[in-house]
1. How much FRET efficiency would the formula 1/(1 + (r/R0)^6) give for K256 and K197, where r is the Cβ-Cβ distance and R0 is 22 Å, rounded to 0.05?
2. Report the calculated FRET efficiency for N67 and E36 (r = Cβ-Cβ distance, R0 = 35 Å), to the nearest 0.05.
3. Hull surface divided by four, with the convex hull built on the Cα atoms of region 1-69: how many nm²?
4. Which residues does the label zone of I134 cover in region 145-161, counting backbone N under 18 Å from a point 7 Å along Cα→Cβ?
5. If I take all pairs of Cα atoms in the chain, what percentage of them are more than 33 Å from each other?
6. Between region 142-196 and region 218-252, how many Å separate their Cα centres?
7. Sort out the exposed loop GluC sites (Glu not before Pro) in the chain (DSSP loop, at most 13 other Cβ within 10 Å) and tell me the longest stretch that has none.
8. Only four residue types carry charge here, +1 at the Cβ of Lys and Arg and -1 at the Cβ of Asp and Glu. Report the dipole size of the chain about the Cα centre in Debye, rounded to the nearest 20.
Amino acid sequence: MQTISFILKFISYKLFSKHKKAYGIHSPFLFKLISETFNSDEKLEFTQKIDSIRNSLLKSSEKITVNDIGAGSKKMKSFQRNISKIAKYSAVKKKYGELLSRIIIKFEPKTILELGTSVGLSTLYLAFPKPESIVHTIEFCPETAKKASQNFKIAETTNIVQHIGNIDEILPQLINETENFDFVFFDANHKELPTLKYFNLCLANSSEKSIFVFDDIHWSNEMERAWEKIKIHEKVTLTVDLFFFGIVFFDKNLSKENFIVKY
Ligand SMILES: C[S@@+](CC[C@H](N)C(=O)[O-])C[C@H]1O[C@@H](n2cnc3c(N)ncnc32)[C@H](O)[C@@H]1O
C-alpha cells in the first residue's frame, strides 16, 4: 500500500508541475525533448508484442519462488509469488515503458544497461527500438530471470544479454568488460546507498553523452535523498523529474538545471 506522504507528493506533482506541452521551457534541448520525444504520437509497432506478453503474464496462474534482495528487506526473503502480481506491481507501466523506447529511438545508445530485469518487460522496451544495440540486464532472482528469458524468446529479441546474480558482484565485472554505458535504467534496489553506489559505478563507465534514468525517485525518503544527491553531482548537468522517472544528462553543452515536467 502506498504511504500517505507518497500520495500527497503525487497529488502535488499533478497539481503544480508544468511544461506538459513544453510551454515556458527556455532550454531548447528540453523543449525539443518534450515536444518531439515525450509527446511523440509516432506509433511504436513493436509495443504490440510487449502488450501481448504483458497480458499473458497478467492472466498467468503460475507461481514462482522469489529471492528478493531489493528495497524493504534487509535479509534475503524467499517466497512464492504469482507471476501475475509481479507483472502488475513490479513491471514498468506501459506509458513509461514506451517513454524508455522513445528515448532510445531519439538518442540511439549503443550499449544499454538495466539494473533489475524482473520478468523482462522494461528490458523489451529497451531492446526493441534498436536491434543493433546491446542491452545488458541484471537480475538477482534465478526464477524471475528464467521467466524473463522465456519472454525474450517469445519476443524473438536477439540483443539482450542476461546476467543472473547480485548487481554488487556483476556490475564491477561488466564495467571491466564493457565500453561506456550509453544508457542506464536503474530499477533494482530502491534504497539510497545502493542507488548512489550504482550511480557512481556506472558514472565511472559513462561518457558525457550518456543518459541515466532512475525509476521511482519519489517512492521513499531514501529515494528522495538519493535523487537530491544525484542532481547536485558535479558531472550532472540537466535533470528532468517526471515523478515516476528521473532523467539525468551529463552533456556539458547543457546548462546545469533541474526541471519538473508534467508527464
Ligand atoms: C522493480 S523490479 C524491476 C522491474 C523491471 N525493470 C520492469 O520494469 O519490468 C526490481 C528487480 O530488481 C531485482 N534486484 C533488486 N536488487 C538487486 C540486486 N542487488 N541485484 C540484482 N537484482 C536485484 C529484484 O529481484 C527485482 O526483480
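1. Numbers: r = 23 Å, r/R0 = 1.05.
E between K256 and K197, to the nearest 0.05, is 0.45.
2. The pair N67/E36 has a calculated efficiency of 0.25.
3. Over all viewing directions, region 1-69 projects a mean Cα-hull area of 8.7 nm².
4. 157-161
5. When every Cα pair of the chain is considered, 15 percent fall beyond 33 Å.
6. Cα centroid to Cα centroid, the span is 21 Å.
7. Working: sites that count: E42, E45, E62, E132, E156, E179, E234.
Counting only loop sites that pass the neighbour cut-off, the longest clear stretch is 63-131.
8. Values: 37 positive and 31 negative charges, 195 e Å.
Approximately 940 debye in magnitude.
Quick note: the coordinates plus some simple rules give every number you see, no bench work behind them. This one's a predicted model, so the numbers in the text were calculated from it and none came from an experiment. Glycine gets a Cβ as well: all are built from the backbone with ideal geometry, and neighbour counts include every protein chain shown.
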